[in-house]
Amino acid sequence: MSEEAVLELFELEVLGGNSEKKYRKMRPDIEQLPWDSLSIEGLPSNTIEAARKAWTSMAFQEFRTAAACSQTLSTLIEARAPIDLIALLSRFCIDEMVHVELCARVTTQLGGAVELAYNPKELTHDFNQYNDSIVKSAHMIVAYFCVGEALSIPLLHHSSLAATQPLMKQVLRTIVKDEADHGTFGWQFLEWASPFLSEQDKIALGETAPKFITSAQATWLELESKSEQQIEQANDLGWMGLDEYLKLARQSLIKQVLEPLQQHGIKPILNNEQKSNENVNPISAQIVLS
């Protein structure tokens, strides 16, 4: 993050009126979730605080994913990709904004979101070095879907299984149900795009993937450094125990990311620093209130 970057607080609003009515009609399942069922009475304050941070961070990450979907959608249209692929991706933008609201409303149930500062110009990544729109689309989709979404889906799924509070379980299940198509989208795109990609293009894609894998590993490294501070009531408020999470994350990296990429002719090369989680990218959001 540059020194000149101006951070803004991550805040959300609903306009209301006719636009909200249409939005609610598109996704009536949001209001059907058991919003009044959450019980945090008797839980330690540090557990609740950790949950507020976790769900605030989730809301922000879903917000970033919505921006990534929008960026990719525009490039797919430029590439004149098949209209069914374009239409499917356009729906993902709605899904992600629903997920933003779900996570934000959970934080409200927990006592309110924590303050999170971010640079709005860094919500997405710059892929403008690629002039061909199909190649540019491929780099975005490898980064955002074949790595990002493919890693997050199994973690969300297992978190939903671990959750014991009805609200947390239903919110996570809703997100996982939506994300099912997100998880397969990258591979559908690569099957279509493969004839248009040269061997050199695929080598370059194999260089893009590790950059985003490293970003995920940075989060794991940060979590691992706090391994002695695991909170016993984690399942109550919607996430797995830390050891289980890290084990699943690393398994998912191999099974859900690296192996499928190689099957599509893309061979990410992780250097020793990346394999040991020592080479990390800057985090683009900061929790500023503990």
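The values are calculated or read from the model by the stated rules, or taken from the named source; none is laboratory data. Note that the structure is predicted; figures quoted are calculated from it, not measured. FYI the Cβ positions are ideal-geometry reconstructions off the backbone, even for glycines, and counts take in every protein chain you see. For the accessible areas, the whole protein counts, side chains as well, though only heavy atoms, and no ligand, DNA or RNA atoms are used. Shrake-Rupley method; radii C 1.70, N 1.55, O 1.52, S 1.80 Å.
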Task: Options Ala162, Phe196, Phe185, ranked by Cα towards positive dipole end of the range 160-218, top entry (Cβ charges) - done: Ala162
Task: Mean shadow area of the range 1-125 over all directions, Cα convex hull, nm² - done: 10.2
Task: Per residue accessible area of the chain, 1.4 Å probe, in Å² - done: 52
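Show that you can apply the helix-only estimate: for the chain, add -39,500 (n - 2.57) for every DSSP H stretch of four or more residues, divide by all residues, and state [θ] at 222 nm to the nearest 500.
On the way: 10 runs with 167 residues, N = 290.
Rounded to the nearest 500, it is -19000 deg cm²/dmol.
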Task: Accessible surface, 1.4 Å probe, highest first, among residues Lys53, Lys169, Lys22, Lys121 - done: Lys121, Lys22, Lys53, Lys169
- [ ] Measure nothing but the geometry: give the 0 to 90° angle between the long axis through the Cα atoms of 45-78 and the longest principal axis through the Cα atoms of the chain, rounded to 10°.
- [x] 30
Task: Accessible area (Å², 1.4 Å probe, nearest 10) - Leu237 - done: 0
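What dipole magnitude, in Debye to the nearest 20, does the chain give about its Cα centre under +1 on Lys/Arg Cβ and -1 on Asp/Glu Cβ? Please report the intermediate quantities before stating the final value.
Values: 24 positive and 39 negative charges, 130 e Å.
Roughly 620 debye, rounded to the nearest 20.
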Open item on the list: Please list 3J(HN,Hα) in residue order for the range 168-179, calculated via the Karplus relation 6.51 cos²θ - 1.76 cosθ + 1.60 where θ = phi - 60°; whole Hz, with x for glycine and proline.
Closed with: 4, 4, 6, 4, 5, 4, 4, 5, 4, 4, 5, 6
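Sort Trp220, Trp187 from largest to smallest accessible area, using a 1.4 Å probe on the heavy atoms of the protein chains. Please list the in-between numbers first.
On the way: Trp220 10, Trp187 40 Å².
Accessible-area ranking of Trp220, Trp187, largest first: Trp187, Trp220.
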TODO: Please calculate the 1.4 Å probe accessible area of Ile83, with all protein chains present, and give it to the nearest 10 Å².
DONE: 140
TODO: Pop out the ³J(HN,Hα) list for the range 145-151 in order, Karplus 6.51 cos²θ - 1.76 cosθ + 1.60 with θ = phi - 60°, rounded to Hz; leave Gly and Pro as x.
DONE: 9, 5, 9, x, 5, 4, 6
TODO: Please report the base-10 log of the normalised intensity I(q)/I(0) for the chain, using a Debye sum with one equal scatterer per alpha carbon and no solvent, at each q in 0.10, 0.11, 0.14 (1/Å).
DONE: -0.55, -0.67, -1.11
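Using a 1.4 angstrom probe on the protein heavy atoms only, line up Phe92, Phe63 by accessible area, largest first.
Details: Phe92 0, Phe63 50 Å².
Greatest to least solvent exposure: Phe63, Phe92.
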Task: Sparse-neighbourhood loop sites, GluC sites (Glu not before Pro) in the range 96-170 - DSSP loop, at most 15 other Cβ within 10 angstrom - done: Glu115
